[in-house]
Amino acid sequence: MKVAILTDGVYGDRAYNTIKSKFPCDFITVKYYGDFDEITISENTIEKLKDYDLFITYTLNPDLTYELVRKIKELNNKAFVLVGAWKGEGFKKQIESFGNAFCPYLMCDIDEDELKDYKDYLDNYPHLKEFLKYFGKPKVKLYIKNNKIEKIDVLREAPCGSTSETLKEFVGREFNDKTLIDIGLRVQHFCRAGKIRLFVEKEGKKTKAGKILVSGIQVIQIP
């Protein structure tokens, strides 16, 4: 399976560095000109859209994101698109109406349960299912010995790599009631999700990312 990170130059580098540890992965800066419904993607980029099984877009221009998903659907109907940057439920519905794309609230909040209402995605795009074995909603085993964190086993990593970056700091530390709270707070330092939008969101994405990581931790006591 081949993965491509599509960016307009700002985000996506950390996802690329994380995902390439498991799958062949390329980092593609999309060249385009124009705006609104007159966006034109460079021919060089369009050719590349034919070559991958899974795309993750970190394009901040919504018109560009729309055009990328549309082009991928047209040129490569076996490929799936995870939209890593988007705003607005209307835009989400518009993008997902193509049938080959999903807009997660957070990239670290995707697993098969999250996609249970999108069963066709998993049935029609087996490479998405393969991707979710290793990346998405964090799944971690925390091994405790003599009240200290002896070892950490990351079974599924957040695509941005924040799971491992956070937890490696806790190896050897004492484990107590506050440890999981500290982990949930620390991951926010590595999280690139946007700040809370006042009057729109009740909870910021960084806070949510912390809760997601903590909920995915299984604590195992070893003799």
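The values are calculated or read from the model by the stated rules, or taken from the named source; none is laboratory data. Please read these numbers as outputs of a predicted model, since none were measured by experiment. Because the Cβ atoms are built from the backbone with ideal geometry, glycine has one as well, and the counts that use them run over all protein chains shown.
Observations, loosely collected:
- When residues of the stretch 6-48 are limited to those that are more than 30 Å from residue 134 (Cα to Cα) and in contact with a strand residue (DSSP E or B) (Cβ under 6 Å, 6 or more places away or on another chain), the one surrounded by the fewest Cβ atoms within 10 Å (Cβ to Cβ): 33
- Residue satisfying all of: in the stretch 7-23; of a type in the set (Val, Ile, Thr) and within 11 Å of the chain's Cα centre (by Cα); nearest to residue 192 (Cα to Cα) among these: 18
- Contact map, the stretch 139-150: residues that are under 30 Å from residue 112 (Cβ atoms) paired with residues that are small (Gly, Ala, Ser), Cβ distance under 7 Å, separation 6+ or inter-chain. Pairs shown: 139/216; 140/216; 149/172.
- Among the residues listed as 84, 12, 99, 88, the single one being within 22 Å of residue 114 (Cβ to Cβ) and in contact with a helix residue (DSSP H, G or I) (Cβ under 6 Å, 6 or more places away or on another chain): 84
- Residue list for the stretch 103-124, filter: touching a strand residue (DSSP E or B) at 6+ places or on another chain (Cβ under 8 Å) and either touching a residue at least 24 places away in the same chain (Cβ under 8 Å) or among the charged types (D, E, K, R) (or both): 107, 110, 111, 121
- Residues that are loosely packed, with under 14 Cβ neighbours inside 10 Å, modelled with pLDDT of 95 or more and part of a loop (DSSP other than H, G, I, E, B) within the stretch 111-145 comprise just one, 133.
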